[in-house]
Structure formats: structure tokens, C-alpha cells
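Every read-out reported here was derived from the displayed coordinates using simple, explicitly stated rules and does not represent laboratory data. Model, not experiment: these values are computed from the prediction. All Cβ positions, even for glycine, are placed from backbone atoms using ideal geometry, and neighbour counts span all protein chains on display.
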Amino acid sequence: MAHVLDRPVWESLASRQAPLSLGGALAKRYRRDVNVFASARDDSAEALDALAALVEPGEHVYVLQVPEIAVPPALQASQTALGVQMVATRPIDTAPADDVVMLGDADAPEMLALAQLTQPGPFLARTHVMGAFRGIRIDGRLAAMAGERMRMPAYTELSGVCTHPDFRGRGLARRLSAIVAHAIQARGETPILHAWKDNHAAIALYETLGFRWRADVNVAVLERAPAR
């Protein structure tokens, strides 16, 4: 039987993040300024056609799910990769937060710049509206941040974890990750996260916080050829 975490993009867009979605009953994607993830409800021909219809010529979307990814006939997979899905299996200890600030619309340009520099995963101009983001400023600069991305019944994803190269080695990412995960648990939800399968350093860090591997996830960049 399928688990709610097997298709996290679909489950998020069909529930708690429906206001951020485009699409219908068979396939959905995030609004174009929020994120690049999209998902079919299942692998039926109708659902795959609906997913393809959400991708314009010259555009691409990311698909992330546990089942093998079926590529709609109208699209092509330009990249594929393997990741891991991890779930918090114990209470996450809180961390000192005196210097941690909530981030919002006013911080969006700095958040985008930091994400573009460090590449923690797809991050667009309004990705910060997916959930609560927290950051640490040093000498007025946004040194590190972490926040919430996909949100489905009973689960919220920890994501956007990154530190500016000038401030690495101070444990900022670990501390922010713990604070975000602790806040998720305080709401009665379970934190999850995704990482590339070969990112052993990140996986080891999250294991020390209390996350454990749940499943490997398939990731594909699906694109439609530009119109001629």
C-alpha cells in the first residue's frame, strides 16, 4: 500500500499547499515563482498526460518520488538522480536560538542570493512562502538559513539548509536544522528531509540530529522541447 511520503510533491499540493498549486485532479505543480516540483497523481496515462500539459515548451519541472518515475510521452528526462528520504525518529533537541531570526518577504532577495550561491536545492523568488524560514545574520549579512518546504498531512519537510562560504565551520546549518525540526515537532508533525544519496556528509549530519533513512527517492528533470 502506498505511503503518503511516497509521492511527497503530490501529497503536499493536493492538501496543505493547494493554494500554491497549479493543475487539477490528475497532476499538479507549484506556481512558477514558488518552486519547480511537479507530480502526477499516479502512473496512469491520463495522469501522465495531465502532468505533461503543465510544462510549457522550453520549460522543465522536477519530479521527486519513491516509485520509479514514468516519463510522459510528450516530455523527456534531461537528468536523473537518486536521493534519500529521511524521517525524524526521535525528539529533536532544541538549540540556542538567541541570534536566530524569522525570515520573510523583506529577506527574499538575500535568501535567493544565498541559495543561488550554495545550491541547497531548487529555490526561487517565492520559495520562502512554502513554510517558516529562519536565519542567522552576522554583521548584517545573511550567514545561514533553513526552513520548511513540502507540507503534507502530519509531515513537514526540512529544506533550504545552507551557509554562506564565509561563515562555514561554525555549526550554523546544524543549529538551524535542529531549530526548524524542533518547531515542526512542536506542532505535532514529523520532520522529513531529502538529500542526494551521495551526499554522505549531509546524511551523517542529519543522522546525528535524529533522522533515519526511510527510502531511496527517484529524481528526474522533465522538460518539453522548445517550440519551433
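Would you mind checking the tilt of helix 108-118 against the longest principal axis of the Cα atoms of the chain, expressed as 0 to 90 degrees and rounded to 10? So the inclination is approximately 80 degrees.
The C-alpha atoms of the chain define a longest principal axis, and helix 200-209 lies at about 60 degrees to it. State whether segment 96-153 is rounded, prolate or oblate according to the following rule on the C-alpha gyration tensor (a ≥ b ≥ c being the square roots of its eigenvalues): a/c under 1.5 gives rounded; otherwise a/b larger than b/c gives prolate, and the remaining case gives oblate. In terms of gyration-tensor shape, oblate. Take the chain, connect every pair of alpha-carbon atoms lying under 10 Å apart with a spring to form a Gaussian network, then pick out the residue of A70, A178, A106 with the largest mean-square fluctuation. Highest fluctuation among the options: A106. Of the residues G169, G210, G83, the one that moves most in a GNM of the chain with alpha-carbon contacts below 10 Å is G169. Taken over the Cα atoms of the chain, the convex hull encloses 127 Å³ per residue. Subtracting the Cα-Cα distance of V4 and A204 from 0.36 nm times their residue separation leaves 69.5 nm of extension gain.
Annotation: amide H-H contacts under 5 Å for A143 (H modelled 1.01 Å from N, sequence separation of 5 or more, or interchain): I136, R137, I138. The amide H of T190, built 1.01 Å from its N in the peptide plane, has Y155, T156 as neighbours under 5 Å, considering only residues 5 or more places off or on other chains. Taking the square roots of 5 times each eigenvalue of the Cα gyration tensor of segment 61-110, largest first, gives ellipsoid semi-axes of 36, 21, 8 Å. Estimated from the Cβ-Cβ distance and a Förster radius of 30 angstrom, the FRET efficiency linking A125 and R212 is about 0.35.
Angle of helix 172-186 to the longest C-alpha principal axis of the chain, folded into 0 to 90 degrees and rounded to 10: 70°.
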